[in-house]
Structures are given as structure tokens and as C-alpha cells.
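A.B. asks: My questions all concern the structure below.
Bear in mind that the values in this text are calculations on the coordinates, not laboratory data. Bear in mind the structure is a predicted one, so any value in this text is a computation, not a measurement. Cβ placement follows ideal geometry from the backbone for every residue including glycine, while neighbour counts extend to all protein chains displayed.
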């Protein structure tokens with residue numbers, strides 16, 4: 001017997017993935033099933049991380065960090081160990097304000113400087129005061145926390161861009177005061193002006209001095225572990241839940257009787273106190289403080305750490321600090337590693353192209369780019385003078401790599417005169433035009449335009465960027481961050497949020 005027209009069909013059984021129900025997002029409901037279908041080492045590692053208790057994660061960090069002094073020399077321990085832990089501790093304090101409470105604080109580095117200058121005044125020959133660290137550290141943290149309370153009280157009614165402008169003004173005012181004001185107190189300039197304050201005492205606890213880099217490093221490991229544990233307990237408490245409510249929606253939090261203003265002040269005070277602690281350690285480790293150490297570049301670095309690690313994630317901030325500092329140290333002009341930069345550059349390009357879906361488009365674009373480069377090089381070699389293709393790549397490693405680059409990228413011989421004197425300028429202009437063109441196209445036309453654009457990018461790298469390490473470091477560092485954030489917009493260990501794209 002046939003079913004009458006308009007008669008409803010058989011209702012799918014409950015739990016059927018094809019069933020559509022009002023108020024239920026089928027994509028979200030099937031999330032666990034998709035996770036179960038994923039296999040591989042990365043998935044197992046992620047599951048193991050999720051299931052590991054927080055004390056185990058902290059002990060793992062302390063154990064791994066404590067091994068560095070045994071296989072790094074003093075110089076590498078200072079650059080890759082001490083600086084990394086210092087940035088991690090600073091980023092943990094900034095994460096309280098930005099990640100926990102959602103306040104866009106651009107004056108955070110000023111609290112770091114306040115702690116450093118407080119230690120410099122109380123533990124140096126500047127005024128003949130040589131207090132030990134057990135007295136100076138609490139005072140430095142209290143002074144920085146008081147400054148945070150004052151700034152938070154003055155800006156507690158501001159949000160977003162307005163708060164950012166006020167706090168940035170505070171940072172610039174601090175920089176101007178320490179660098180140019182330098183008021184005279186007891187016959188001596190309070191901040192030392194551009195020269196700062198030198199000859200600071202090392203950290204001294206009950207007569208025991210931390211003189212060596214290894215001693216200072218182990219002390220920083222303890223500080224980071226204590227700060228991370230304290231922030232974890234705060235984040236899991238009622239105060240932490242109130243911070244998250246403030247971050248997501250201040251108006252809704254106020255309606256739910258959460259003391260928004262007091263929470264803002266608490267976030268400023270906690271963050272400033274941690275920054276003051278870090279400033280004390282920084283001043284004692286360097287035995288000097290200058291105004292140039294507390295500027296906007298450091299603020300940008302700290303924001304890169306917490307954004308890369310994940311806003312509000314303590315473990316993410318620690319991981320982000322390691323990634324940011326180690327990569328920036330490798331890319332720094334004074335620690336020039338041309339081979340590392342070249343591998344990072346081409347690896348970033350391959351990673352960005354590999355994000356294309358479906359996968360065969362990425363393979364097609366990469367293969368076409370390689371073929372296009374050899375074709376262009378052959379045409380230029382056959383139709384122009386020899387100087388157009390006799391340039392040598394900078395520190396290309398092995399001979400096979402150097403020959404491969406020379407046979408693929410058009411590199412004119414470096415000379416002040418000749419037909420290719422303006423070649424680099426034309427490359428810049430051509431790359432900008434090609435990038436704009438790719439952005440304006442779609443479909444297969446975009447793929448076709450992407451091939452010469454990638455080749456132009458390689459030419460700009462080999463002819464211009466690789467020749468200028470200082471510029472290359474900043475550009476490559478930014479490209480790496482863009483690539484990583486494209487893969488995981490929520491950060492390495494952050495929590496993904498639902499957004500409308």
C-alpha cells in the first residue's frame with residue numbers, strides 16, 4: 001500500500017547523525033565522532049596533554065627547564081634560557097590583564113621598568129643603599145602594584161581602544177620621565193637619564209649571592225613555577241571565573257552582580273606586581289638599568305607570546321615564550337644564521353601553500369612554481385648577458401644547495417653599474433603588484449597568478465632580504481607568526497571560539 005502524498009516519512013531513530021533537530025547544531029553534535037576518527041601521533045599527543053593533570057604539566061616543565069644548564073654554555077644559557085624564562089614570567093603577568101580579564105593594557109612594560117628602577121635605587125651604590133633581595137623584591141612588587149592600582153583606578157571606566165590609548169600614554173610618560181626628566185634627589189639624578197643606573201648589586205638572599213648565570217637561571221625557574229602555580233589556582237577559583245565573565249562580556253557580568261570595577265583593579269594590581277618582580281630580576285641579572293630597555297618593542301614581543309600561546313592559557317604562554325624567544329634569537333642580526341633563515345623562509349611558504357584545499361592544488365602550485373623558475377632562468381640565460389645569472393646566494397650551505405638556487409632563481413651579479421642596477425627596485429614593485437593581483441582573482445585564475453608570485457617572493461628573498469639580516473629578521477619573524485596563526489587562530493594551546501566568518 002503506497003503512502004499518501006504529504007504523509008510524513010519514518011522518523012529517524014534518536015541519535016541518527018543525519019537527523020536535524022531544532023536547537024541542535026549537528027556539526028557540534030558530531031564533534032566527538034570526528035575526533036574519534038582522527039588517528040596519528042599528533043592526536044595521541046594532544047589527548048595525552050589534555051588528560052595530564054596540571055601538576056604533572058608543571059613538573060614536566062620544571063624538569064625539562066632544569067636540564068638546560070647542563071648542556072648549554074654560559075652564553076647560550078643567557079640568550080636562550082635566561083631571556084626565555086624572563087619573557088615567560090613577564091607574559092604570565094600580562095596574561096592576567098589581557099588573557100584573564102580581557103583588558104587591552106599597553107602600559108604593562110612601564111610596571112616592569114618601575115620594578116627595575118626600584119631595585120636599582122635600593123640595591124646599588126647610586127644612593128649608597130645596599131638592601132638584600134629579600135627586602136628589595138617585596139618593595140619593588142609593592143611599588144609596581146601601587147602604580148598599577150593608580151593606573152587602573154584612573155582608567156577603570158574605559159574599554160577597548162580608549163583603555164589602550166590611556167595605558168600607552170602611561171608607558172610613554174614613564175619612558176620620558178626615566179630618559180629625560182631625571183630630577184635631582186640628594187644631589188644625584190634619580191633615574192640617571194639616558195645613561196641609567198649601573199653597578200647594581202646581585203640578588204642576595206640572607207647573605208647568599210646569585211652571581212653566575214646558572215644561579216640566576218635556576219632562580220628564574222623557581223619564580224616561573226611559583227607564578228604559574230599561583231595563577232592556575234586563581235584561574236580555577238571564583239575570581240578566575242569572574243575574570244572570564246569580565247573578558248567575555250563586561251555588561252553581562254555587571255548585570256550578574258559581578259564587581260567589574262574591582263576585578264579590573266585586581267587584574268592591574270596582579271599584573272603590575274608580577275612585572276615588578278620580573279623587573280627586579282632583570283635589573284639584578286644585568287647589573288644596570290636604562291630607559292631603552294622598557295619600550296614598545298618589548299611590549300610587542302610580550303603580546304606576540306600570549307597571542308601565539310593562547311589568550312588565558314598558562315601553559316600556552318610558557319610554550320609561546322619558548323617559541324618566540326628561541327626563533328627571535330636565531331633570527332637576530334647579532335646571532336646571524338643565514339642557513340636557518342633560508343630554511344625557515346621556504347618552510348613558511350610551503351606551509352602556507354599546503355593549507356590550500358584540496359591537497360592536489362597545493363602540489364600543483366608548488367610543482368608549477370619550480371618548473372616556472374627553471375623556465376624563467378633558462379630564458380634569461382639564453383637572451384641576456386652572463387651577469388644576469390652569475391650572482392651567488394648568501395651562505396647557501398652545501399654546494400648542491402647553492403647550485404640548485406643559482407640554477408633556479410635569477411640572481412644578477414652584485415655590481416654598482418650595469419643594466420640590472422635597478423633590478424631590486426623592480427622586484428619590490430613587481431611583488432607588490434603580483435600580490436594585489438592574486439588577492440583580486442579567484443578560482444583557477446588565482447592559482448595561475450600564485451605561481452609567478454611565489455617565484456617573485458623567492459627572488460626578493462635571495463636578491464634583497466638575504467643580503468640584509470636586520471630587515472630579514474623582522475620580516476621573516478612576522479611571516480612565521482602569520483603562518484602559525486593561520487593554522488591555529490586561537491594560539492598553540494588556546495581555546496577555539498565560535499565566530500562568524
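A.B. asks: FRET efficiency for residue 226 and residue 401, Cβ-Cβ distance as r, R0 = 45 Å, nearest 0.05?
C.D. replies: Efficiency, from the Cβ-Cβ distance: 0.45.
A.B. asks: Note down the nm distance, to one decimal, between modelled labels 7 Å out along Cα→Cβ at residue 437 and at residue 150.
C.D. replies: Output for this residue pair reads 5.8 nm.
A.B. asks: Moving on to the next point. Using a 7 Å offset from the Cα along the Cα-to-Cβ direction at both residue 70 and residue 142, what is the distance between the two label points in nm, to one decimal?
C.D. replies: So the two model labels end up 4.0 nm from each other.
A.B. asks: Report the FRET efficiency, 1/(1 + (r/R0)^6), for residue 162 and residue 236, where r is their Cβ-Cβ distance and R0 is 25 Å, rounded to 0.05.
C.D. replies: The formula returns an efficiency of 0.20 here.
A.B. asks: Further question on the same structure: Which order do the peptides 54-65, 208-219 take when ranked by the mean count of other beta-carbon atoms within 10 Å per residue, highest first?
C.D. replies: Details: 54-65: 13.9, 208-219: 17.0.
Order by mean packing, descending: 208-219, 54-65.
A.B. asks: Which peptide among 287-299, 314-326, 451-463 comes first, and what is the full order, when sorted by highest mean count of other Cβ atoms within 10 Å?
C.D. replies: 314-326, 451-463, 287-299
A.B. asks: So for 408, 71, fewest C-beta neighbours within 10 Å to most, what's the order?
C.D. replies: Lowest count first: 71, 408.
A.B. asks: Also, I was wondering about something else. Can you tell me which of 236-242, 174-180 comes out highest on packing, and rank the rest after it, using the mean Cβ neighbours within 10 Å?
C.D. replies: Put in order of decreasing packing, that is 174-180, 236-242.
A.B. asks: Let me ask another. How high is the FRET efficiency from residue 350 to residue 198, r the C-beta distance, R0 41 Å, rounded to 0.05?
C.D. replies: Details: r = 47 Å, r/R0 = 1.16.
Efficiency computed from Cβ-Cβ geometry: 0.30.
A.B. asks: Over 5 Å intervals from 0, what percent of Cα-Cα pairs in region 51-331 sits in each interval?
C.D. replies: Answer for region 51-331: a P(r) of 1, 6, 12, 17, 19, 17, 13, 9, 4, 2, 0, 0, 0 percent.
A.B. asks: Take the alpha carbon atoms of region 184-233, find their center, do the same for region 281-303, and report the distance between the two centers in whole angstrom.
C.D. replies: 12
A.B. asks: Considering every Cα-Cα pair within region 340-467, what fraction, in whole percent, is farther apart than 25 Å?
C.D. replies: So the portion of pairs separated by more than 25 Å is 25 percent.
A.B. asks: Could you give the length gained on full extension between residue 363 and residue 296, defined as 0.36 nm per residue of separation minus the Cα-Cα distance, in nm?
C.D. replies: The span from residue 363 to residue 296 would gain 20.0 nm if fully extended.
A.B. asks: Using only C-alpha positions, report the orientation-averaged shadow area of the convex hull of region 105-149, nm², one decimal.
C.D. replies: Mean shadow area of the hull around the Cα atoms is 3.0 nm².
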